[in-house]
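S.K.: My questions will all concern the structure given below.
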């Protein structure tokens, strides 16, 4: 894992802090250490969301888990912590919520990833952003369909390739910055990176993209399964000649 990678994403740290207050004021540093021993660093919202009540009970029991020693926390409190770990009722959360989506719900659309750290912002570097926001975009529709944590990919031998694999089903990646070698791996995964150094709201950038999709270039037209605007006049001339 990169030495610059935090021990936990901001969202995970927030959830852990809320959980510590429920657990009779358990010391946060020790709690983070226990979670890290079980699930490895970095701790992310994705990892926390998978924790079960029984696993939490074992973590709190420490080395005495096999002896079924009481943890001093009742089952109701344990369930409250699990709900917090899943992001339910977390005050101050900056994690956007994805909308339900099934393939084909938005005809003539493309899939776009956005490197993000907070809220629905395009504010991330490819190699260090906490997550990728994934949108389905057409000229008339825009929907956030997935929020994919990126920090766990940093444990891979080739973290750039692992991060690229997270968004390999996308066609475009918006981000503030990306290095040349990393960009090559993104392109190799079939994704077109677009740098926007100024950053900003993800939906504002995607609204500008929507306007461009009204007359898409040939490569995007193929993805959208619509005629390419740049070739339309030639198709019209051909139809006239053969009429």
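The values are calculated or read from the model by the stated rules, or taken from the named source; none is laboratory data. As the structure is a prediction and not an experimental result, all values here were calculated from the model. Glycine also receives a Cβ, built like all others from the backbone with ideal geometry; neighbour counts cover every protein chain displayed.
Conditions tested, residue by residue: (1) in contact (Cβ under 8 Å) with a residue 24 or more places away in the chain; (2) under 20 Å from residue 94 (Cβ atoms); (3) buried (at least 16 other Cβ atoms within 10 Å of the Cβ).
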position: 130; (1), (2), (3): yes, yes, yes
position: 133; (1), (2), (3): yes, yes, yes
position: 137; (1), (2), (3): yes, no, yes
position: 149; (1), (2), (3): yes, yes, yes
position: 155; (1), (2), (3): yes, no, no
position: 167; (1), (2), (3): yes, no, yes
position: 171; (1), (2), (3): yes, no, yes
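S.K.: Shifting gears a bit: Looking only at residues in segment 53-71 that are outside any helix (DSSP H, G or I) and under 19 Å from residue 24 (Cα atoms), which one is modelled with the highest pLDDT?
M.R.: 71
S.K.: Listed residues 145, 194, 178; which is farther than 24 Å from residue 10 by Cβ and either in contact with a strand residue (DSSP E or B) (Cβ under 6 Å, 6 or more places away or on another chain) or in the same structural domain as residue 46 (by TED's automatic domain parsing) (or both)?
M.R.: 194
S.K.: A further question follows. Restricted to segment 108-128, and to residues that are surrounded by fewer than 22 Cβ atoms within 10 Å (Cβ to Cβ) and in contact with a strand residue (DSSP E or B) (Cβ under 8 Å, 6 or more places away or on another chain), which residue is nearest to residue 177 (Cα to Cα)?
M.R.: Going through the qualifying residues, I end up with 125.
S.K.: Looking at residue 189, is it in contact (Cβ under 8 Å) with a residue 24 or more places away in the chain, in the same structural domain as residue 131 (by TED's automatic domain parsing) and in contact with a helix residue (DSSP H, G or I) (Cβ under 8 Å, 6 or more places away or on another chain)?
M.R.: yes
S.K.: How many residues are more than 17 Å from residue 133 (Cβ to Cβ), at pLDDT 85 or above and part of a helix (DSSP H, G or I) when one looks only at segment 198-243?
M.R.: Total meeting the criteria: 9.
S.K.: In the set 38, 50, which member is within 20 Å of the chain's Cα centre (by Cα), farther than 30 Å from residue 214 by Cβ, surrounded by fewer than 18 Cβ atoms within 10 Å (Cβ to Cβ) and not assigned by TED's automatic domain parsing to the domain that holds residue 133?
M.R.: Residue meeting the stated conditions: 50.
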